[in-house]
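Let me begin by presenting the structure, written as structure tokens, before commenting on it.
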Amino acid sequence: EADAALRQLQDASMGSLTMYVVPETSSLLPQGTGVYVGRHRSAVLRAGGSLATLHARLQQLAQLMSFSTASVAAALSDRVPDGRLSPDGRRSLKSSLGYEITFSLLNPDPKSHAVDWDIEAAVNCYVKPVLDKLSLVANFSVDSQILYYAVLGVTPRYDKESSSFLLSTHSLPHVINPVEARLGSSAASLYPVLNFLLYVPERSHSPLYIQDKDGAPVSTNAFHSPRWGGIMVYNVEAPASPQASLPLHVDVDMARVMEVFLAQLRLLFGLSREELPAGFLLESPGNEGLADWELDHLLWAHTVENIATVSTTLTSLAQLLDKIGNIVIKDDVASEVYRAVASVQSAVAHLGTGHLHSAFQASKEAVTSSERAFFDPSLLHLLYFPDDQKFAIYIPLFLPMAVPILLSLAKIVRESRQRKKEPTKMD
């Protein structure tokens with residue numbers, strides 16, 4: 001309630017951060033809590049100890065809620081050496097103008113299981129509020145499909161002690177390729193595709209559990225793949241009677257499934273919750289899936305990545321133009337290059353003054369203009385040839401015609417010389 005009330009008093013612009021310092025004896029914060037981070041762009045902290053202690057805590061808080069050096073390295077993960085990145089540095093998706101999200105239900109044994117999932121209601125209830133908030137970052141499209149007789153491609157190991165089947169950590173990477181061949185979602189897609197798969201094991205491999213590196217069962221019975229998506233295994237309870245009629249009707253608990261998929265979606269966008277310092281209390285983002293300051297963090301990351309992408313694209317274009325000396329630059333291509341450079345300069349200037357939304361919009365325009373210039377059909381490498389290739393192409397065409405012409409010229413020259421040598425007749 002205090003977080004919602006304080007929101008009316010603070011600067012609500014993107015990229016801003018407001019910190020409220022309360023007395024050490026204040027009852028606003030729970031006992032043992034020194035810092036409270038809300039859903040919006042504010043935090044409350046106790047003024048305990050000396051000024052140096054307060055200063056250190058403010059720095060911790062700013063590093064948690066704003067864009068740090070580690071965030072820059074993660075945003076530029078494709079351009080940073082491996083040694084300078086954290087293990088999860090390349091897990092988040094690359095910046096894009098749009099994303100396509102596909103929810104797939106895999107039923108490898110439809111003769112035994114008739115699975116029913118209300119995916120439309122679940123998307124409207126759980127996914128739509130998150131995507132509405134992320135609409136500032138990119139455009140999203142959502143679709144779903146049911147695939148029958150789609151197996152994981154890895155035979156699970158049977159465990160006698162638990163009377164269940166197990167998928168170990170080292171076998172998980174081999175699960176994705178056979179399944180992805182059946183999805184068919186990325187074949188005609190212009191944007192990155194995020195795949196979220198709900199797998200109902202076949203009756204002969206039920207129940208099926210995923211193990212972590214230590215051999216313990218994963219609580220969510222799910223795993224995610226960086227920049228690809230996630231897979232959740234949904235076990236069906238065995239019928240009480242062996243003579244139960246098949247197929248068994250299965251109603252999927254969509255609340256439990258969507259809780260896992262939304263957590264994986266946060267990981268794919270680099271919004272994983274790091275370990276908090278002692279005394280920090282973080283408010284749950286609720287239905288929206290992410291807090292306002294996390295959205296700012298995402299905009300920062302994508303803006304920096306967009307600026308780096310434009311720099312790389314224009315550098316590659318300049319190298320191409322230097323390599324092909326006789327290439328023709330049309331006016332529309334040149335204007336796109338000028339527009340990209342101006343947009344990048346505008347984005348950097350807006351970042352410097354703290355206008356995050358304007359900086360992000362300018363970086364998106366810069367990416368669009370630079371890609372239009374780089375992929376313009378008139379700049380195809382095959383349209384322009386080096387001089388040696390031109391000679392190799394045209395000499396075989398002109399040589400047969402040049403031989404009789406040269407012979408005729410030689411004959412004319414000889415005849416003119418003979419005329420000069422002959423004495424002139426005088427009357």
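Leaving ligands, DNA and RNA out of it, work out the accessible area of Thr353 with a 1.4 Å probe and give it in Å² to the nearest 10.
90
Quick one: ranking Val257, Val413, Val337 by accessible area, 1.4 Å probe, largest first, what do you get?
Val413, Val337, Val257
Straight-line reach from Lys411: which aspartates and glutamates have a Cα under 18 Å away, not including same-chain ones fewer than 8 places off?
Glu422
Using the Karplus curve 6.51 cos²θ - 1.76 cosθ + 1.60 with θ = phi - 60°, what ³J(HN,Hα) values do you get for each residue of the stretch 5-15, in whole Hz, with x for Gly and Pro?
6, 5, 4, 6, 9, 9, 6, 8, 5, 5, x
Just by accessible area at a 1.4 angstrom probe, what is the order of Val348, Val304 from largest to smallest?
Val348, Val304
Can you put Tyr191, Tyr20 in order of accessible area, largest first, using a 1.4 Å probe? Present the calculation step by step, with values, prior to reporting the outcome.
Numbers: Tyr191 90, Tyr20 50 Å².
From most exposed to least exposed: Tyr191, Tyr20.
On a C-alpha basis, how far is the centre of the stretch 298-345 from the centre of the stretch 92-168 in Å? Whole number, if you could?
Between the Cα centre of the stretch 298-345 and that of the stretch 92-168, the gap is 37 Å.
Using alpha-carbon pairs under 8 Å, 6+ residues apart, how would you state the relative contact order of the stretch 283-427 in percent? It would help to have the intermediate numbers written out before the result.
Numbers: 89 pairs, mean separation 37.9, N = 145.
Taking the mean separation of contacting Cα pairs over the length of the stretch 283-427, I get 26 percent.
Choose one answer from Thr18, Thr309, Thr155: the residue with the largest mean-square fluctuation in a GNM of the chain with alpha-carbon springs under 10 Å.
Among Thr18, Thr309, Thr155, the largest mean-square fluctuation in the Gaussian network model of the chain belongs to Thr155.
With an 8 Å cut-off on Cα pairs and a minimum separation of 6 or more residues, tell me the relative contact order of the chain in percent. Present the calculation step by step, with values, prior to reporting the outcome.
On the way: 550 pairs, mean separation 79.0, N = 427.
Computed value for the chain: 18 percent relative contact order.
Considering amide H positions built from the backbone, and no H for Pro or chain starts, which residues 5 or more places from Ile101, or on another chain, come under 5 Å of its amide H?
Those qualifying (amide H under 5 Å, at least 5 residues apart or on another chain) are Ser141, Val142, Asp143, Leu194.
If the only charges are +1 at each Lys and Arg Cβ and -1 at each Asp and Glu Cβ, what is the size of the charge dipole of the stretch 292-379 around the Cα centre, to the nearest 20 debye?
280
Taking amide H atoms as placed 1.01 Å from N in the peptide plane, list the residues 5 or more away in sequence, or in a different chain, whose amide H sits under 5 Å from that of Thr18.
Ser42, Ala43
Setting aside same-chain residues fewer than 8 positions from Lys94, which lysines have a Cα under 17 Å from its Cα?
Lys364
With θ set to phi - 60° and the Karplus curve 6.51 cos²θ - 1.76 cosθ + 1.60, what are the ³J(HN,Hα) couplings of the stretch 143-149 in order, to the nearest whole Hz, using x for Gly and Pro?
9, 9, 7, 10, 10, 9, 6
Of His170, Gly98, Ala121, which is farthest towards the positive pole of the stretch 97-179's charge dipole, taken about the Cα centre with +1 and -1 on the beta-carbons of Lys, Arg and Asp, Glu respectively?
His170
Between (i) 63, 26, 19; (ii) 49, 25, 20; (iii) 61, 37, 18, which entry matches semi-axes √(5λ) of the Cα gyration tensor in Å as derived from the coordinates of this structure?
From the options (i) 63, 26, 19; (ii) 49, 25, 20; (iii) 61, 37, 18, the structure gives (iii).
Determine the dipole magnitude for the chain: charges of +1 sit on the beta-carbon of Lys and Arg, -1 on that of Asp and Glu, nothing else is charged, the reference point is the Cα centre, and the result goes in debye to the nearest 20.
That gives a dipole near 2140 debye.
Take every DSSP beta bridge with both residues inside the chain and express the antiparallel ones as a percent of the total, to the nearest 5.
25
How would you classify the stretch 1-145 from its alpha-carbon gyration tensor, with a ≥ b ≥ c the square roots of the eigenvalues: rounded for a/c under 1.5, else prolate if a/b is greater than b/c, otherwise oblate? The partial results should precede the final answer.
Numbers: a/c = 2.39, a/b = 1.69, b/c = 1.42.
The shape class here is prolate.
How many percent of the accessible area of the chain is carbon or sulfur, using a 1.4 Å probe? Could the numbers behind the result be given before it?
Details: 13910 of 24600 Å².
Ligands and nucleic acids excluded, carbon and sulfur reach 57 percent.
Where nothing but the Cβ of Lys and Arg (+1) and of Asp and Glu (-1) is charged, how large is the charge dipole of the stretch 98-269 around its Cα centre, in debye to the nearest 20?
Approximately 360 debye in magnitude.
Each residue of the stretch 277-285 in order: what ³J(HN,Hα) in whole Hz does its phi give by Karplus 6.51 cos²θ - 1.76 cosθ + 1.60, θ = phi - 60°, with x for Gly and Pro?
x, 5, x, 8, 10, 10, 6, 5, x
Tell me, what is the percent relative contact order of the stretch 212-365, built from C-alpha pairs under 8 Å that lie six or more residues apart?
Computed over the stretch 212-365, the figure is 17 percent.
Which of rounded, prolate or oblate describes the stretch 98-269 when judged by the alpha-carbon gyration tensor and an a/c cut-off of 1.5? All intermediate terms of the calculation are to be shown ahead of the outcome.
Numbers: a/c = 1.83, a/b = 1.50, b/c = 1.22.
Here the stretch 98-269 falls in the prolate category.
If each DSSP helix of 4+ residues adds -39,500 (n - 2.57) and the sum is divided by the residues in the chain, what number results at 222 nm, nearest 500 deg cm²/dmol?
On the way: 11 runs with 174 residues, N = 427.
Here the helix-only value at 222 nm equals -13500 deg cm²/dmol.
Could you name the aspartates and glutamates whose alpha carbon sits less than 14 Å from that of Lys330, not counting residues in the same chain fewer than 8 places away?
Here the aspartates and glutamates satisfying the reach criterion relative to Lys330 are Asp376.
How far is helix 292-323 tilted, in degrees, relative to the longest principal axis of the Cα atoms in the chain, given as a value from 0 to 90 rounded to the nearest 10?
It works out to around 20 degrees.
The values are calculated or read from the model by the stated rules, or taken from the named source; none is laboratory data. What you see is a predicted model, and the numbers here were worked out from it, not measured in a lab. Cβ: placed from backbone, ideal geometry, glycine included. Neighbour counts: every protein chain shown. The area values use the complete protein model at the heavy-atom level, side chains included, leaving out ligands, DNA and RNA. Shrake-Rupley method; radii C 1.70, N 1.55, O 1.52, S 1.80 Å.
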